[in-house]
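For reference, the structure discussed in these notes is given below.
The values are calculated or read from the model by the stated rules, or taken from the named source; none is laboratory data. Keep in mind it's a predicted model, so treat the numbers as computed, not measured. All Cβ positions, glycine included, derive from the backbone under ideal geometry; neighbour counts span all protein chains shown. The protein model used for the area step is the full one, side chains on, heavy atoms only, and it has no ligands, DNA or RNA in it. Shrake-Rupley method; radii C 1.70, N 1.55, O 1.52, S 1.80 Å.
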Amino acid sequence: QVKWKGKDLFDLVCRTLGLRETWFFGLQYTIKDTVAWLKMDKKVLDHDVPTEEPKTFHFLAKFYPENAEEELVQEITQHLFFLQVKKQILDEKIFCPPEASVLLASYAVQAKYGDYDPNVHKRGFLAQEELLPKRVINLYQMTPEMWEERITAWYAEHRGRARDEAEMEYLKIAQDLEMYGVNYFAIRNKKGTELLLGVDALGLHIYDPDNRLTPKISFPWNEIRNISYSDKEFTIKPLDKKIDVFKFNSSKLRVNKLILQLCIGNHDLFMRRRKADSLEVQQMKAQAREEKARKQMERQCLAREKQMREEAERTRDELERRLMQLKEEATMANEALMRSEETADLLAEKAQITEEEAKLLAQKAAEAEQEMQRIKATAIRTEEEKRLMEQKVLEAEMLALKMAEESERRAKEADQLKQDLQEARESERRAKQKLLEITSKSSYTQSMNSSTTALPTDLPSFNLISESLSFDFKDTDMKRLSMEIEKEKVEYMEKSKHLQEQLNELKTEIEALKLKERETALDILHNENSSRGNSKHNTIKKVS
């Protein structure tokens, strides 16, 4: 509303957020390139806010705690600080070394995604996330995949941390960075030397413009007696009167007003921390402890339920695996049974074939026996016929011999008869002549008849008939049967390290990939401080 004061608008925002630790925050706006904060007791429209509509204010942490874990009570307060510090680191308003950047990124991922699950958080799931300062990315010859791999390795170790726990771990690491919670202002000392004034929860610090990490001199809040400004001149009076008053000039009166605001607010909180908590803070802390205990119990119950569910799921998976194994075994047994039945059928068929073959062989054996008997009988008959034939041949030879002898005898007889005939004719001729000579009265004619006999020769002829027996026997080839059964085996596997060792390990690991020429002045200063063993707190003690 038009009449609202800064406090009215601020309270509305805090109520909307449910924020009770309001003393850390404020509404910021920009006027003529200078940052300013809305004053609670002044009307909103009376401020030098830009005239354009709509008017924009940024709800931000104006003051930072010394120890986030002890001072930040509400979860919403922790969350708002986490978001702001994370943005400042990514925007490089707070210098963060590379190894710490990776660790902080892993806690930011834990806060956003919860516990790491390799089945859900697969390679490339951080591709669209802004997790590291560009300075760190450019400083090393590493691909986004290589950075993701290193962030994920630490992210996996944060298992079991809730969002508020991961955010608080982030803040605990960030609050030890040299530029955490420091507001820097350009100033000049009496000699006109350009310096930087840093205002934070611990006090006032003077820096060289080129070195925002290590202050040249520090004034803790408990050692400052008074702070004042007149126009552009600012005066710091130490509690110890022996120490000279420190005076410096700022560029604008508006900047002096802002410095004084931050000094007053940080000094009040510094003194407040060292007193007993107010009733409101005690109630808030008691409620926060109860809430934390309740959430812890819920987380423990949830963890137990989760563990029981995981065990049940593991048991279920084991039973399913066992069931699958039994099904496979049953299937294999069934297949083996089927193969056995097929084998039995084949064996029965083979037995039947063998039996038939045995019968056939027996039949063939019987036939062979009969053939042998027939051959033997034929051989016997052939032997007898051979003997008879030899006998007949012998008889024929003897008969032929006899006939030859008879023929010769008959030829001799024929020759004898011819000789006798000739002698008879000769006698007849002599008789005729004698008769002619003796008597011429009567003639006597005597005729003689001759007969010729022929002996027929009958030779028996024998025809030897040889019989031949052919026998063909062929055996049947059989196929062989085999069965194969296979078995499977399963193997099983199981990790943790301290934070500083992890940081040193990562630093050593990525050091080889570092591009020295891209190192900023802050990188070099941080490395020098680290090599000397200087930290934020012991440096402030030294220069105080």
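At-a-glance table
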| read-out | value |
| --- | --- |
| Selected residue (criterion: farthest from the chain's Cα centre (by Cα)) from residues of the range 1-43 that are surrounded by 14 or more Cβ atoms within 10 Å (Cβ to Cβ) and of a type in the set (Gly, Ala, Ser) | Gly6 |
| Asp176 being charged (D, E, K, R), at pLDDT 90 or above and in a loop (DSSP other than H, G, I, E, B) | yes |
| Out of Tyr184, Tyr180, sole residue that is open to solvent by less than 20 Å² (accessible area, probe 1.4 Å) and either closer than 27 Å to Thr520 by Cβ or within 56 Å of the chain's Cα centre (by Cα) (or both) | Tyr180 |
| Enumeration of residues in the range 494-514 that are open to solvent by 70 Å² or more (accessible area, probe 1.4 Å), modelled with pLDDT of 75 or more and under 12 Å from Leu103 (Cβ atoms) | Asn504, Glu505 |
| Any pair with Cβ under 7 angstrom, 6 or more apart, that starts in the range 95-122 at a residue that is part of a loop (DSSP other than H, G, I, E, B) and ends at one that is among the aliphatic types (A, V, I, L, M) | Phe95/Leu177; Phe95/Met179; Phe95/Leu213; Phe95/Leu522; Cys96/Ile89; Cys96/Leu104; Cys96/Leu177; Tyr116/Ala156 |
| Test set (1) farther than 30 Å from Ala127 by Cα; (2) touching a Leu at 6+ places or on another chain (Cβ under 9 Å) - Gly181 fails condition number | (1) |
| Matching residues, the range 58-89, being buried (at least 20 other Cβ atoms within 10 Å of the Cβ), more than 21 Å from Glu291 (Cβ to Cβ) and of a type in the set (A, V, I, L, M, F, W, C) | Val85, Ile89 |
| Lone unmet requirement of (1) surrounded by fewer than 20 Cβ atoms within 10 Å (Cβ to Cβ); (2) modelled with pLDDT under 95; (3) on the phi < 0 side of the Ramachandran plot for Glu92 | (3) |
| Yes/no for Ala201 being among the small types (Gly, Ala, Ser) and either at pLDDT 95 or above or not in a strand (DSSP E or B) (or both) | yes |
| Single match in Lys350, Lys376 (criterion: open to solvent by 70 Å² or more (accessible area, probe 1.4 Å) and in contact with a Lys or Arg (Cβ under 9 Å, 6 or more places away or on another chain)) | Lys350 |
| Close pairs (7 angstrom Cβ cut-off, 6 or more residues apart or separate chains): polar (S, T, N, Q) in the range 159-175, assigned to a helix (DSSP H, G or I) anywhere | Gln175/Ala68 |
| Residue among Ile151, Ile94 that is of a type outside the set (Asp, Glu), within 28 Å of Leu258 (Cβ to Cβ) and outside the structural domain of Glu310 (by the TED database) | Ile94 |
| Some residue of the range 151-166 being crowded, with 18+ Cβ neighbours inside 10 Å, of a type outside the set (Ser, Thr, Tyr) and touching a Gly at 6+ places or on another chain (Cβ under 6 Å) | no |
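One line per residue, one yes/no per condition, for (1) in contact with a Leu (Cβ under 6 Å, 6 or more places away or on another chain); (2) among the β-branched types (Val, Ile, Thr); (3) farther than 13 Å from Trp4 by Cβ:
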site: Lys39; (1), (2), (3): no, no, no
site: Lys42; (1), (2), (3): no, no, no
site: Asp46; (1), (2), (3): no, no, no
site: Val49; (1), (2), (3): no, yes, no
site: Thr56; (1), (2), (3): no, yes, yes
site: Leu60; (1), (2), (3): no, no, yes
site: Phe63; (1), (2), (3): yes, no, yes
site: Glu70; (1), (2), (3): no, no, yes
site: Gln74; (1), (2), (3): no, no, yes
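Yes or no, residue by residue, for (1) touching a helix residue (DSSP H, G or I) at 6+ places or on another chain (Cβ under 8 Å); (2) closer than 20 Å to Cys96 by Cβ:
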| residue | (1), (2) |
| --- | --- |
| Met142 | yes, yes |
| Met146 | no, yes |
| Ala156 | no, no |
| Glu165 | no, no |
| Gly192 | no, no |
